[in-house]
Each structure stands twice: as structure tokens, then as C-alpha cells.
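Trainee: First the structure, which I've put down as C-alpha cells, then a few questions once you've had a look.
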Amino acid sequence: MATEQFNAVGRRKTSVARVYLRPGNGAWDVNGRTLEAHLPRHVLRQSATRPLVATQTEGQYDVKVTVVGGGVRGQADAIRLGVARALLKINEDFRRTLRAEGLLTRDPREVERKKPGRPGARKRFQFSKR
């Protein structure tokens, strides 16, 4: 019999993380690599594991993540949201804790598109009167 698995999707900027939690010993698998190999900076690893720390469930679940798009910061935050949403499916009582930590809010900020006739989204070329 297969063990129960809980999955959720987290997004941030252009990153999308599919997170799968199953009862285990706290092993992380991010795109076939360890968490340390995928997120080399300690701050990013801390961000990704924050939902587990907040709910005191570290080491109780194996986490498998498939993440695509964006950079390391966006991917770390997408993983964080995915883990938080998956924990909610496991136990709805975590909602108050996760909400207080701000872990269930999807950060809506995206890159503004580049406009025609300009070097960037808002920047203008240097003005010359003569």
C-alpha cells in the first residue's frame, strides 16, 4: 500500500514549484538534487523550510519538489508557498500559525513589461533639447 502523499503548487515571480509531502524523515529532493545543492545560500534554504519550522513539523515529512522558471530567490519563495499549502492539506489547524507568519500569501509582484520606444519598462532615453 502506498503512503499518503499531499501536494500543492507555489508560485513567485516566474517560478512555479510543485511540492509533494509524504510522511518520512525530512529528506529533501529538489529537481533530483538535495536542498543544499539547489539553494546554495543559507538564507534561501531558511526561507524554503520556514513553513515546516513554524508548524514544528521538521523531520516528519519527506519533501519532493519540481521547480521551474525564475531565479533562485523566486524559486525559494515558490517552494515556501508550496510547502505551506501542502501542510494545510495535512492539517487545517496549521492555518492560524502559517497565516500569522505570512506564509500563505502569494506575493503578487511581477516584472513590468518593457514598453515600445523606451529602454525598459519606465526608463526613458536621455532627453536632448538641441
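Trainee: In segment 65-109, which residues have a backbone nitrogen under 16 Å from the label point lying 7 Å from Ala121's Cα in the Cα-to-Cβ direction?
Mentor: 70-71, 74, 107-109
Trainee: Just need the relative contact order of the chain here, percent rounded to a whole number, with Cα pairs under 8 Å and 6+ apart.
Mentor: The normalised contact order for the chain reaches 31 percent.
Trainee: Next question. What are the ³J(HN,Hα) values, in whole Hz, obtained from phi via the Karplus relation 6.51 cos²θ - 1.76 cosθ + 1.60 with θ = phi - 60°, for each residue of segment 38-52 in sequence order, with x given for Gly and Pro?
Mentor: Once θ is set to phi - 60°, the couplings for segment 38-52 become 7, 10, x, 7, 4, 4, 6, 5, 4, 4, 5, 8, 4, x, 5 Hz.
Trainee: Can you pull a Stokes-Einstein diffusion coefficient for the chain at 4 °C (1.567 mPa s), Rh from Kirkwood over Cα pairs, as a whole number of µm²/s?
Mentor: It diffuses with D of about 81 µm²/s by this estimate.
Trainee: With unit charges on the beta carbon (Lys/Arg positive, Asp/Glu negative), name the residue among Ile79, Val68, Thr34 whose Cα is farthest towards the positive pole of the charge dipole of the chain.
Mentor: Val68
Trainee: Check each of the GluC sites (Glu not before Pro) in segment 73-128 and keep only those in coil by DSSP with at most 11 other C-beta atoms within 10 angstrom; list them in order.
Mentor: The qualifying sites are Glu110, Glu112.
Trainee: Considering only the other residues whose Cβ falls under 11 Å of the Cβ of Gln75, what net charge follows from Lys and Arg at +1 and Asp and Glu at -1?
Mentor: Cβ neighbours under 11 Å give a net charge of +4.
Trainee: Looking at segment 75-130, which chymotrypsin sites (Phe, Trp or Tyr not before Pro) are in a loop (DSSP not H, G, I, E or B) and have at most 13 other Cβ atoms within 10 Å?
Mentor: Counting only loop positions with at most 13 other Cβ atoms within 10 Å, the chymotrypsin sites (Phe, Trp or Tyr not before Pro) in segment 75-130 are Phe125, Phe127.
Trainee: For segment 66-126, state which trypsin sites (Lys or Arg not before Pro) are in a DSSP loop and have at most 14 other beta carbons lying within 10 Å of their beta carbon.
Mentor: Sparse-neighbourhood loop trypsin sites (Lys or Arg not before Pro): Arg106, Arg109, Arg113, Lys114, Arg122, Lys123, Arg124.
Trainee: Could you tell me the center-to-center distance, by alpha carbons, between segment 1-26 and segment 64-130 in angstrom?
Mentor: 18
All of the numbers you see were taken from the coordinates with simple rules; none came from a lab. No experiment lies behind these values; they were computed from the predicted model shown. Neighbour counts run over all protein chains shown; Cβ positions are idealised from the backbone, glycine included.
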